[in-house]
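Student: This structure is in structure tokens; I'll ask about it shortly.
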Amino acid sequence: MDTRYPLTLLYDASCPVCSLEMDHLRDRDTAGHLRFVDIAAPGFDAAAYGRSWAALDAEIHGVWADGSAVVGLATLRAAYAAVGLGWVLAGTGAGPLRPLFDRAYRLFARYRRPISRAAAPLIDAVRARRVHARMTRCRDGACDLGRGTEERS
């Protein structure tokens, strides 16, 4: 296991796009490299992570096992790499286009709530397909439909 892991992802589960993305990562995290913390959960304490809630809400943050932090699209690059999908976002972190992709992510993060509202029908359809797929994998009437490793503060 890479000694940097686990990577704790501090994300807003009240944002449907964000929540869907974390579900995607959670489903693929078979090695247990990721931890998920919902900053919108009652009782969440941003100070425990050395940040304000507003800073955490502005863009995704990650905290490595050694306590160092990663912010924004770099967090998603690290999370995708953790689940073996680093190639998906590799191009966003290379060369002169990196600042453009990082800026585009910050723009998305700022407008994620209205984007989520607009994308709600698509998000609901994707979620329904995932639930159906999990249900078809059930055997003997017992299913583990859990979300993986979720921490609550």
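Student: Of all residues in the range 52-76, count the ones that are surrounded by fewer than 17 Cβ atoms within 10 Å (Cβ to Cβ) and either in contact (Cβ under 8 Å) with a residue 12 or more places away in the chain or in a strand (DSSP E or B) (or both).
Tutor: Going residue by residue through the range 52-76, those that are surrounded by fewer than 17 Cβ atoms within 10 Å (Cβ to Cβ) are 52-55, 58, 64-69.
Narrowing further to those that are either in contact (Cβ under 8 Å) with a residue 12 or more places away in the chain or in a strand (DSSP E or B) (or both): 53, 58, 64-66, 69.
Qualifying residue count, the range 52-76: 6.
Student: Being closer than 16 Å to Ala109 by Cα and either among the polar types (S, T, N, Q) or assigned to a strand (DSSP E or B) (or both) is the filter here, so list the residues in the range 9-51 that pass it. Can you show your working first?
Tutor: Filtering the range 9-51 for residues closer than 16 Å to Ala109 by Cα gives 9-22, 38-40.
Within the range 9-51, Leu9, Leu10, Tyr11, Ser14, Ser19, Asp38 meet the criteria.
Student: Is at least one residue of the range 87-104 surrounded by fewer than 20 Cβ atoms within 10 Å (Cβ to Cβ), in a loop (DSSP other than H, G, I, E, B), in contact with a strand residue (DSSP E or B) (Cβ under 8 Å, 6 or more places away or on another chain) and not basic (Lys, Arg)? Step through it out loud before you land on a result.
Tutor: Let us first name the residues in the range 87-104 that are surrounded by fewer than 20 Cβ atoms within 10 Å (Cβ to Cβ), namely 87-104.
From what's left, in a loop (DSSP other than H, G, I, E, B): 94.
Add one more test, that the residue is in contact with a strand residue (DSSP E or B) (Cβ under 8 Å, 6 or more places away or on another chain), and what stays is none.
No: zero hits.
Student: Asp12 versus (1) surrounded by 17 or more Cβ atoms within 10 Å (Cβ to Cβ); (2) free of Cβ contacts under 8 Å to residues at least 24 places away in the same chain; (3) not hydroxyl-bearing (Ser, Thr, Tyr): which is the lone unmet condition?
Tutor: (2)
Readers should treat all values here as calculations from the given coordinates under stated rules, not as data from a laboratory. Values in this document were obtained by computation on a predicted structure and should not be read as measured data. Virtual Cβ from ideal backbone geometry, glycine too; neighbours counted across all protein chains shown.
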